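Shown below is the structure under consideration.
The values are calculated or read from the model by the stated rules, or taken from the named source; none is laboratory data. Note that the structure is predicted; figures quoted are calculated from it, not measured. Methodologically, a virtual Cβ is constructed for each residue, glycine included, from the backbone with ideal geometry; neighbour enumeration extends over all protein chains shown.
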Amino acid sequence: MPPDTGPSDAMPPDARPPLSGTAGCGRAPRDAVGGVQVEEAFAPSAGGPRSYFLTLPADYDPDRRHRLIVAYAGTDWSGAMIRPYFDLERGGRADEIVVYPDLFSRDFGAWGRLGGWQLGPHAAPADGMEDIEFTRQLLDRLGARYCLDPGRVFATGHSWGGDMAAVVGCFLGDRFTAVAPAAANRPYWFEPPAGPVGCVGRSAVWTFFGQADGHFAARQPYPGAFGDEQDAFWRAHNACGDGRAPLPHGAEGECVAHAGCLAETRYCLYGPETGHQIPPYFTAAVLGWFRGF
């Protein structure tokens, strides 16, 4: 595109094997607590010089393993711009670090020149691996500097950033515990001309899409079709059964958890009044879900 609680089949937190923290445990923080814009060099495969907005808790403890949340901005937005929109630091949790990567301005062919994400090998004209590799290197770099729990790494994003959150849930599914894409396009990024998609690992996924998303209205065969297509991809990938259970968000039946999945798989087709934006309950619901792992 140019542009909590509830039934769960996921492994409960106390059943997870014990995990050691990343190499950054025990090291004094190199960045200021609160929010800071960071610019530094990455490998050419990740686009070279890159930037991101990083928030550390005010009482960051280098001897405590932290949850990491990666939040991707939509078209022509920066990480710092999307931060107040998501409000992911809500509650001031001492065990969470949030990073907002900045996208590049690129020539996307017929779409024109836009700030956007490369979405892997199958996403022409947004195809390319730089942003997936940037994410991989960013996780490595933050893990080397800060005390992270490698079993609690999450991603979310809105619009083109929602595409990116879904993409890393597939191609970096061995690094992300769960992803929550919102208002993303239909999953054209997972449609190779031949052969398997090539997902690695298996992230839990919670897809959010609007019943009246005007951004995609002209291209959907019916309202909510692109969300249904995304949900169908993840249900197939995570080998879900036919059952579903309601979740306590939005109107009755708006959000469901699929049953029998190899990784937890959820879906919200949210109300028409929200359009292309995230629904009012999004941040609280997603943070509650992430914090349950």
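Does Pro101 fit the bill of being within 17 Å of the chain's Cα centre (by Cα) and at pLDDT below 95?
no
Suppose we filter Ala165, Ala180, Ala245, Ala184 for residues that are assigned to a strand (DSSP E or B), among the aliphatic types (A, V, I, L, M) and closer than 22 Å to Val153 by Cβ; which single one remains?
Ala180
A further question follows. Which residues, taken from segment 99-120, are of a type in the set (A, V, I, L, M, F, W, C), touching a Phe, Trp or Tyr at 6+ places or on another chain (Cβ under 6 Å) and in a strand (DSSP E or B)?
Val99, Leu114
Rundown of residues vs (1) crowded, with 20+ Cβ neighbours inside 10 Å; (2) polar (S, T, N, Q); (3) in contact with a helix residue (DSSP H, G or I) (Cβ under 6 Å, 6 or more places away or on another chain), yes/no style:
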residue	(1), (2), (3)
Pro84	no, no, no
Leu103	yes, no, no
Asp107	no, no, no
Trp111	no, no, no
Trp117	yes, no, yes
Pro125	no, no, yes
Met129	no, no, no
Phe134	yes, no, yes
Gly143	yes, no, no
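Considering only residues that are out of contact with any helix residue (DSSP H, G or I) (no Cβ under 8 Å at 6 or more places or on another chain), outside any helix (DSSP H, G or I) and surrounded by 13 or more Cβ atoms within 10 Å (Cβ to Cβ), which ones fall in segment 217-238?
The answer is Gly224, Asn238.
Let me ask something else. Consider segment 260-274. How many of its residues are surrounded by fewer than 23 Cβ atoms within 10 Å (Cβ to Cβ) and over 17 Å from Phe233 (Cβ atoms)?
4
Condition first: crowded, with 18+ Cβ neighbours inside 10 Å and of a type outside the set (Gly, Ala, Ser). Now tell me which residues in segment 21-37 satisfy that.
Across segment 21-37, the qualifying residues are Thr22, Cys25.
Output the number of residues of segment 57-82 satisfying the condition of being surrounded by fewer than 17 Cβ atoms within 10 Å (Cβ to Cβ) and either acidic (Asp, Glu) or in contact with a Lys or Arg (Cβ under 6 Å, 6 or more places away or on another chain) (or both).
Residues that pass the stated criteria total 5.
Considering only residues that are more than 30 Å from Arg219 (Cβ to Cβ), in contact with a Ser or Thr (Cβ under 8 Å, 6 or more places away or on another chain) and at pLDDT below 95, which ones fall in segment 1-56?
Within segment 1-56, Gly34, Gly35 qualify.
Could you say whether any residue in segment 196-216 is within 25 Å of Gln118 (Cα to Cα), more than 18 Å from the chain's Cα centre (by Cα) and part of a helix (DSSP H, G or I)?
Checked against the condition, which is being within 25 Å of Gln118 (Cα to Cα), more than 18 Å from the chain's Cα centre (by Cα) and part of a helix (DSSP H, G or I), segment 196-216 yields no hits at all.
Being buried (at least 24 other Cβ atoms within 10 Å of the Cβ) and under 22 Å from His276 (Cβ atoms) is true for just one of Ala183, Ala212. Which residue is that?
Selected residue: Ala183, the only one of Ala183, Ala212 that is buried (at least 24 other Cβ atoms within 10 Å of the Cβ) and under 22 Å from His276 (Cβ atoms).
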